[in-house]
Amino acid sequence: MRISLRDVSFAYRPGRPVLSSVSLDIESGEVLMVLGRSGAGKTTLLKLAAGLLKPQSGSVVYEGLQVDGRRSRAIAYVPQAIGIVENLTVLENALLGALGGLSLFSQVVGSFPREAVSRAKDACELLGLGDYVNVKAKELSGGQKQRVAIARALVQGAKIVLADEFVSQLDPLTSLEVLELTRDLRTQGIGFAITTHDVHLVPKFGDKVAVIRDGRIALHKDASNASVEEVLSVF
Amino acid sequence: MRALRWAGPNANLLILLGVALVLLWHFGAFSPRTISKLPNLCVFLANAFPPDPEPIPVLLGSMLETVLIALAGTTLAVLVSVPLASLSSRSLFTAPVTSFFRFLLSVIRTIPAILWALLFVITVGFGPLAGVLGTAVYSIGYLGKLLYEAFDAVDRDVLDSVRISGAGKLALMRYVVIPESANYIISQAIFMFEYNVRASTILGLVGAGGIGFYILSYVQVLDYRSLTTALLVVLAFVVAIDVASSRLRSKFLPS
């Protein structure tokens with residue numbers, strides 16, 4: 001299962017493209033590290049892959065269907081600001097991932113099936129949040145909030161998680177913990193596209209690496225074949 | 001030039017004072033007719049003190065009714081303004097929908113609370129129900145605007161990340177927009193209640209219940225001592241509610 005971007009171009013303002021003819025695959029079961037300087041278009045790339053932005057040309061397809069940002073339960077998006085609801089508890093945030101499977105009535109009255117609640121509790125347990133299920137998200141540390149975002153993606157049943165600057169706001173030890181978690185989840189068939197500035201994370205946590213420069217893919221290869229020097233040379 | 005710069009804030013104050021005096025003159029504040037009536041103020045004050053303690057029990061009961069009118073009106077307004085504000089929020093709905101509901105809220109705000117109360121006196125008759133409905137409708141206009149601005153400010157990234165998990169607009173409202181704005185909603189509802197207590201004191205003037213009815217009666221029969229008592233009762237309640245409200249609101253607003 002993969003998200004395929006083909007010849008995708010996008011500009012926020014006419015005549016000033018952020019991305020030009022970008023083609024890239026984001027596969028389930030592997031970690032793609034997306035690198036580039038600030039303003040290179042990394043966030044735009046993820047938003048296009050999530051269907052939150054529409055390309056001006058080219059296509060974004062998941063399993064043969066155009067990605068449109070709605071009801072695409074196989075794709076989860078974790079924005080730079082993590083995107084969890086601070087005034088909800090950890091369990092409630094995780095359960096938001098199950099909303100897509102509910103009827104409109106159940107969504108509004110908040111009637112989640114037992115199976116979804118148990119899935120959410122399991123996800124929290126798996127991610128080390130078992131003791132925090134009833135704690136409000138605003139009381140958590142940065143690393144715990146990242147875990148909540150992953151828990152929601154697991155409850156959603158996402159096959160691909162698009163994570164923008166996933167660890168940039170965490171201290172080095174916590175960011176290593178979170179990235180190790182993503183590596184473990186890869187074995188469950190979940191794929192990640194993670195944007196970062198940190199070249200040194202690529203060999204340890206990435207299966208593939210893509211570098212964006214001047215709105216184009218300057219490098220795209222297996223992480224095991226890409227040295228830090230090579231990545232830096234096109235950065 | 002140097003003199004003007006030296007004058008600084010004093011010059012602004014002088015200009016402001018000048019404008020005020022010109023306006024007062026325009027409205028006849030310095031006409032011989034007005035000045036000749038100034039002693040009436042002294043007569044009024046002489047007749048208004050000391051306050052008459054006799055109507056205090058009745059006034060306390062009617063002031064309590066005023067507070068209950070404000071409470072019921074505000075509660076009703078919160079219940080209606082949250083969905084209306086959601087329909088007016090650009091975070092959730094497209095421009096044609098939000099424009100229609102923003103216009104509706106604007107129309108509601110244009111009509112003052114006392115006029116709404118008068119309309120409901122005509123519709124449902126004299127009494128506190130007209131006051132409750134008048135207060136509620138007016139507050140919907142105001143709360144609706146305050147809330148849709150808060151809803152617009154909800155982090156788009158949070159909305160996007162929940163939307164992509166399959167949440168519809170109503171679910172986004174229930175699980176993202178309202179929880180993220182909860183403190184602001186509570187704070188504004190308390191402020192609206194505080195405002196409505198003050199506004200509801202005059203609703204009795206049009207027969208919509210509360211202490212306003214007594215205030216109007218005392219003015220009409222020239223019972224200024226009872227009028228002073230009524231005004232002191234209003235003052236005591238309003239000050240107490242203002243203090244309680246600001247303490248309560250500070251718990252829900254970021255420090």
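A short reminder: the numbers here are calculations on the coordinates, not readings from a lab. Small disclaimer: the values here were computed from a predicted structure and weren't measured. We place every Cβ from the backbone using ideal geometry, glycine too, and count neighbours over all the protein chains shown.
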Fill in the blank from the handout: For the protein assembly as shown, the dipole about the Cα centre with charges only on Cβ (Lys and Arg +1, Asp and Glu -1), to the nearest 20 debye, works out at 1200 debye
Problem - Relative contact order for chain A, counting Cα pairs under 8 Å that sit 6 or more residues apart, in percent - result: 29 percent
Practice task
Straight distance only, please: which lysines reach the Cα of A:LYS145 with their own Cα at less than 19 Å, same-chain residues fewer than 8 apart left out?
Solution key: A:LYS121, A:LYS136
Problem - Cα-based reach from A:LYS221 at 18 Å (exclusive), listing lysines while leaving out same-chain residues under 8 positions away - result: A:LYS42, A:LYS204, A:LYS208
Handout entry: Theoretical FRET efficiency, 1/(1+(r/R0)^6), r = Cβ-Cβ of B:VAL124 and A:GLU139, R0 35 Å, to 0.05
Key = 0.15
Exercise for the section: For B:LYS169, list the aspartates and glutamates whose Cα falls under 20 Å from its own Cα; do not include residues on the same chain fewer than 8 positions away. Expected result: A:ASP68, A:GLU86, A:GLU92, B:GLU149, B:ASP152, B:ASP155, B:ASP157, B:ASP160, B:GLU180
Completion exercise
Under 5 Å from the placed amide H of A:LYS221, counting only residues 5+ away or on other chains, we find A:VAL209
Fill in the blank from the handout: Of all DSSP beta bridges with both partners in chain A, the antiparallel percent, nearest 5, is 55 percent
Handout entry: Positive-end residue of A:GLY128, B:ASN40, A:LEU45, charge dipole of the protein assembly as shown with Cβ unit charges
Key = B:ASN40
Exercise for the section: Pull out the extension gain between A:SER103 and A:ARG16, defined as 0.36 nm times the separation in residues minus the alpha carbon to alpha carbon distance; nm, one decimal. Expected result: 27.1 nm
Exercise for the section: Work out, step by step, the length gained on full extension between A:GLU180 and A:ASP7: first 0.36 nm times the residue separation, then minus their alpha carbon distance; give nm to one decimal. Expected result: 59.1 nm
Fill in the blank from the handout: Pseudo-spin-label distance A:ARG37 to A:GLU230, built 7 Å along Cα→Cβ, given in nm, is 2.3 nm
Completion exercise
Listing A:ILE3, B:ILE202, A:ILE190 by rising number of other beta-carbon atoms within 10 angstrom, fewest first, gives B:ILE202, A:ILE190, A:ILE3
Handout entry: Phi-based couplings in Hz for the range A:107-113 (Karplus 6.51, -1.76, 1.60; Gly and Pro marked x)
Key = 4, 6, 7, x, 9, 8, x
Completion exercise
For the range A:167-210, the dipole about the Cα centre with charges only on Cβ (Lys and Arg +1, Asp and Glu -1), to the nearest 20 debye, works out at 200 debye
Problem - Percent antiparallel among DSSP beta bridges (both partners in the protein assembly as shown, rounded to 5) - result: 55 percent
Fill in the blank from the handout: If R0 = 25 Å, then B:ILE35 and B:GLN220, at their Cβ-Cβ distance, give a FRET efficiency to the nearest 0.05 of 0.40
Exercise for the section: Please list the helices of chain B that count as membrane-span-like by this rule: a mean Kyte-Doolittle hydropathy of at least 0.0 together with Cα atoms stretching 18 Å or more along the helix axis, each helix being a complete DSSP H run. Expected result: B:2-26, B:56-87, B:95-110, B:128-152, B:178-200, B:224-252
Fill in the blank from the handout: Under the rule rounded for a/c under 1.5, else prolate if a/b exceeds b/c, else oblate, using alpha carbon gyration tensor axes a ≥ b ≥ c, chain B is classed as oblate
